[in-house]
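Every number in this text was worked out from the coordinates using simple rules, so none of it is lab data. For clarity, every value in this text was computed on a predicted model and none was experimentally measured. Reconstructed Cβ throughout: ideal geometry from the backbone, glycine too, with neighbour counts over all protein chains shown.
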Amino acid sequence: MLIAQTSAPEEILKYWWVLIPILCIVFFKPILRLVLGMVIVPENRIGLVTKKFVLLGKFKKLPDGRILATKGEAGIQASTLAPGLYWMMWPWQFSVTMQPFTVVPEGKVGLVLANDGAELPTGNILGRRVECDNFQDAGLFLEAGGQKGRQTRILTSGTYRINTLAFNVTMTDITVVKENMIGIVTALDGHPIRPGQIAGENVEGHNNFQDVDGFLQAGGNRGLQPRVMLAGSYFINPWAFQIETIPMTDVPIGHVGVVISYIGEDGKDLTGEQFKHGNIVEKGFRGVWMEPLGPGKYPINIYTMKVELVPTTNLVLNWANARSEAHNLDKNLSTITVRSKDGFPFNLDVAQIIHIPATEAPKVIARFGSMTNLVSQVLEPTIGNYFRNSAQDSDVISFLSTRKERQSAAKDHIREVLDEYNVNAVDTLIGDIVPPEALMKTLTDRKIAQEEEKTYENQRMAQEKRQGVEKETAIADMQREIVKAQQSVEISQRTADATVKKAEGDAASLKLQVNAESEAMKMRANAEAEATKAKGAAQAEYTKMNAVAEAERISKTGLAEAEKIMAIGKSTAEAYELQVKAMGMDNFTKYKITEEIAKGKIKVIPDLVVNGGDAAEASLTGLMGMQLLQMIQSRKPEEPKTPSSSAAPTPTPEV
């Protein structure tokens, strides 16, 4: 075992020569670095070089205030080593540090701070731009006069070989202005603002403030800028400009925007000598612009200009505690409290409708500054004082009863006042009127009493109408009997008239018939006379005389009969008329009715009627009735004897 233990090291020592190539491989680069000064810079790195000393006795010192060596001086070298192989960079003379590339990602910008360079001039806060290959050549930066400190130039997205010992690069976001927004710009470097102005001059050639050096070379001023930035993405150096994003100015429909500019030159007043409440100038000058903005969205710099919205539609303002419009111009208005002539305080709600023409809107703003001031300085005192004065001329009751007239008078007065302020008064409306509670109770009681009086009167009239209806109903019920009796009388009268007319007609008819027969016989006689003319004159004359005699006899007989019939009809009519006069219309009617009942043998009256009261009197009345009935039945009118069938009846004797 001892032999085995001692033989292992000997075996190892046999291959000592293998260590030489291994050591050469391991220490190759250090050996080359030490012997030949070899330095290898990887492809994703740069070499930052620091020179420790200068050989051959040529000792060079950096100038005072400098930290970067550009001419071989000892110290931090401005030049860097790009990826590759370098020789004679002995470690005892040079220190080489590997540094990654500077990468500016998307959506970022690189802000550069130079550690070396010329001093900044007094008043400047940023180093001006020099040509230095985007700060990748520090030596060129220094030779071109680059200034130390924050730089105006920025690095956009990309990869750069930056000497981080010469420049510090800070990443920041790009500037984004969203839709319907604007960017308000404040410059941190540049010339001072002119006296009397609150913002710098409007300069060109800076590509929306993305070129700081272009802005400064064009004479840009530090401070607030009149130009704004619209929606978009910008490479803005935040060391040069501060951006504040705000919404665009919106002029809604039904409004105009009156622009008040705080910057610019003093313009000529366009209102003339009659308007002495402020200057109204053209667009672009300082003051109130004559031309207002119509409905839309505008990129207005709210720090250099102000836009006052003026409604151009009818505007309603309410003097009421419980009501306010959406525009809120009447939020500070309240119900008007007035005092009447008789000392009663009461509340009054008023609504005023106004209209401001678009062309008059600048004058209103120039005079008052805003719509709120117009309401508080003109409308509120004008309307409130008018109604207070109006109420003192009347008592509460009269004020309530003449509400329409007072509203019309208020409309005219307020229109006249507002015309002086370039405002049109459309209408004045009196709303709710709240009289004192005690007075209202008195009025209510009075009204209730009046209504009760009307109610009682209506009830009385209703009762009178009801009585009239009942009376008319009773009369109507009796009228049926009266009409029936009147109809019976009229029937009888018409019957008598018909009888008379019939008799007259029969007489006329008979007379006509007799005349016709007489004429016929005359004609026959004439014919016979002519026929027998030939037999002899004597016979003809005899026959003619006989015929004439016979005709005269028949004519006289017919006339006598007709006169007889007419006399009978007239006597019958006269008999009826005398009976009516003697008995009266009602009694004659009853008599005729009774006679007709008797002719029809209708038993109306009982044979024996027993009434209440005295028995003897009742029996006597019944016997008298039976006797009267028998007498009526026994009496029958005699039929008149006439020579013809159309003779009139014999008149009934008077009773």
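With coordinates expressed along the principal axes, the C-alpha atoms belonging to the stretch 192-312 extend over 49, 34, 18 Å, beginning with the largest. Restricting the GluC sites (Glu not before Pro) of the stretch 383-454 to loop positions (DSSP other than H, G, I, E, B) with no more than 10 neighbouring Cβ atoms within 10 Å leaves E420. Put in line by how crowded their Cβ is, counting other Cβ atoms within 10 Å and starting with the fewest, K404, K411 read K404, K411.
In this structure, the amide hydrogen of A69, modeled 1.01 Å from its nitrogen in the peptide plane, lies closer than 5 angstrom to those of I76, Q77, A78, counting only residues at least 5 positions away or on a different chain. Is the shape of the stretch 138-260 best called rounded, prolate or oblate, per the rule: a/c under 1.5 gives rounded, else a/b larger than b/c gives prolate, else oblate, with a ≥ b ≥ c the square roots of the Cα gyration tensor eigenvalues? Oblate.
For the stretch 128-188, the convex hull spanned by the alpha carbon atoms encloses 108 Å³ per residue. Distance from the alpha carbon centroid of the stretch 232-298 to that of the stretch 467-486 works out to 96 angstrom. Shown is the FRET efficiency for T159 and N124, computed with R0 = 35 Å from the Cβ-Cβ distance and rounded to the nearest 0.05: 0.70. Geometric descriptor of the stretch 48-138, per residue, is 126 Å³ (volume of the convex hull of the Cα atoms). Each residue of the stretch 333-343 is assigned a 3J(HN,Hα), and the resulting list reads 8, 9, 4, 7, 9, 10, 10, 7, 5, 8, x Hz, derived from the Karplus form 6.51 cos²θ - 1.76 cosθ + 1.60 (θ = phi - 60°), x at Gly and Pro. Backbone geometry of the stretch 446-451 corresponds, through the Karplus equation with coefficients 6.51, -1.76 and 1.60 at θ = phi - 60°, to 3J(HN,Hα) couplings of 5, 5, 4, 5, 4, 5 Hz, x marking Gly and Pro.
Each residue of the stretch 289-304 was assigned a 3J(HN,Hα) from its phi angle through the Karplus expression (A = 6.51, B = -1.76, C = 1.60, θ = phi - 60°), giving 6, 5, 9, x, 8, x, x, x, 10, 9, x, 9, 7, 5, 8, 10 Hz with x at Gly and Pro.
Each of F215, F209 has some number of other Cβ atoms within 10 Å of its Cβ, and from fewest to most they run F209, F215. The largest-to-smallest principal axis extents of the Cα set in the stretch 261-389 are 60, 34, 23 Å.
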